[in-house]
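The values are calculated or read from the model by the stated rules, or taken from the named source; none is laboratory data. Since this is a predicted model, take the numbers as computed values, not measurements. Every residue, glycine among them, receives a Cβ derived from its backbone with ideal geometry; neighbour counts consider all protein chains shown.
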Amino acid sequence: MNITTLRQALSLDMKVSFCNTRLHNKPLVLITSLVVGFCSTGLAQASMFETAKFKISADFRLRGEQDFSSQNSSGVARDDRLRARIRTRVSMNYKASDHVSWGLRLRSGSDDSQQSPHITILDFDDNDTGDADFNWDKWYLKGQKNYTDGKLTGWAGRNSFPFWKPNEMFWDDDVTPAGLAIGYKFNNINLDLNAAYLSLPAGMQEFSGNLAGAQLVYKIKLAPQHITLALGCYDFDANPTDPDNGIYLQNNGTRDYFICVANYRHQLTAWGQPLVLGVDYMDNSESYTAADIVGTSSGVTVNDTNGIVLYAKWGQLNNPGDWLLAWHYAEIEELAVNNSFSQDDWVRWGSATQTRGSNIEGHEFRVAHAFANDVNVVGRLYVVDAITNVEDGNRFRVDLNYKF
């Protein structure tokens, strides 16, 4: 399959204009009240189109986001920022047979951001709201076949990251690479094997560099407890001469990475609800020289290549009335991940369309509530410091998530 040809055939660039209305001196509670108000108006009555073979589904997010008490790497204070954002996605899936299916997804967001599908609709501090575009972020052909001892699956095209992960610290859920992926699930020994060769998105319409990855996932089921162990290694092969890689920050498009990620996840029951405890460890074994790390954050050395994440989650959002509480701690050195593809939630560091979400040490505190099966509200507080310099920041978000 010629990935470039398929991508160009499906590429869509729908420019959307929003009014330039600005509000001043409005607290974040205004957005929080708006979010909660939506949840009490019967949103869960919406439905999606579905037949035996074809399905159209969509989701919508309304976000209020406050950044405060932040300074850059020189110790200069950033202005606080309060803004309202939205995300919308529409998916189409067709099941041709028991073995073959295909899918498409259209998402909002800037053409220049592979990490974020969010559009700023109001900035309460008179900042530029940025671009508002729509692009196909998924277009794939998928196959599967059952065997006596397991199940073989694979896809070609552009799709979600094909490796198991418990969070977005290594790879952001919104980053959809293009290429080939294959996986096999062994039923009797609860072992999954995953492998893929992928092109890395540079914004939403171009690609630069490749990623080859392989992963083992082993599950231990000791009802009611479940333990998941995973080990994956990922070889990021940059293309230094490709002009499209100029979109990445910190020269990420010219630097190779070889990152292995080990995961331990333990699920049990506490007070009648699921309790999940976990740890992730990341190690980049690529050998760098001083020339290789030009463009990284101040104070970073060639040895800043490790990361660790600890987390605990209690509760769930499966049924109306459910609550979820979660905490994450992260200490991720600059080169432990390729931060052009890792999470973009924790910090506002970077540009309007690209986030440099490594060289961080800090916490996420999360509270979420399900108002209906397809409607929930999630509040998250991030408190983050840079590892090698004085850069820091705090962020609070409240999201209304609605699926239909």
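How many residues does region 239-252 contain that are among the polar types (S, T, N, Q), within 8 Å of S208 (Cβ to Cβ) and part of a loop (DSSP other than H, G, I, E, B)? First the steps, then the outcome.
Going through region 239-252, the residues among the polar types (S, T, N, Q) turn out to be 239, 241, 245, 250-252.
Of the ones still in play, those that are also within 8 Å of S208 (Cβ to Cβ) are 239, 245.
Add one more test, that the residue is part of a loop (DSSP other than H, G, I, E, B), and what stays is 239.
Selection size over region 239-252: 1.
Apart from one condition, A312 fits all of (1) more than 24 Å from G393 (Cβ to Cβ); (2) among the small types (G, A, S); (3) not in a loop (DSSP other than H, G, I, E, B); the exception is (1). All of D344, D322 fail the test of being among the charged types (D, E, K, R), buried (at least 24 other Cβ atoms within 10 Å of the Cβ) and at pLDDT 95 or above, apart from D344.
Name the single residue, out of those in region 291-301 being loosely packed, with under 15 Cβ neighbours inside 10 Å and either farther than 24 Å from D385 by Cα or among the β-branched types (V, I, T) (or both), that is farthest from the chain's Cα centre (by Cα).
Residue satisfying both the conditions and the ranking: A291.
Does region 253-282 hold any residues that are in contact (Cβ under 8 Å) with a residue 24 or more places away in the chain and assigned to a helix (DSSP H, G or I), and which are they? Scanning region 253-282 gives a single hit, G253.
Residue-wise test of (1) under 20 Å from G179 (Cβ atoms); (2) modelled with pLDDT of 95 or more.
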position	(1), (2)
M92	no, yes
G103	yes, yes
H118	no, yes
D126	no, no
T129	no, no
G143	yes, yes
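In region 123-167, the residue that is farthest from the chain's Cα centre (by Cα) out of those that are small (G, A, S) and under 29 Å from V261 (Cα atoms) is G150. Residues in region 356-396 that are under 14 Å from G299 (Cβ atoms), touching a Phe, Trp or Tyr at 6+ places or on another chain (Cβ under 9 Å) and part of a strand (DSSP E or B): I360, E361, A386. If you take the residues in region 112-129 that are crowded, with 18+ Cβ neighbours inside 10 Å and charged (D, E, K, R), which one is farthest from R397 (Cα to Cα)? Result: D112. Whenever a residue of region 241-252 is touching a residue at least 40 places away in the same chain (Cβ under 8 Å), its partners that are surrounded by fewer than 17 Cβ atoms within 10 Å (Cβ to Cβ) and β-branched (V, I, T), lying with C-beta atoms within less than 8 angstrom and at least six residues away or across chains, give the pairs N251/V294.
Candidates in region 362-374 are the residues that are crowded, with 18+ Cβ neighbours inside 10 Å and within 11 Å of D322 (Cα to Cα); of these, the one that is nearest to the chain's Cα centre (by Cα) is A368. Residue under question is I56, and the condition is that it be at pLDDT 95 or above and buried (at least 16 other Cβ atoms within 10 Å of the Cβ); does it hold? Taking the combined requirement at face value, the residue does not satisfy it.
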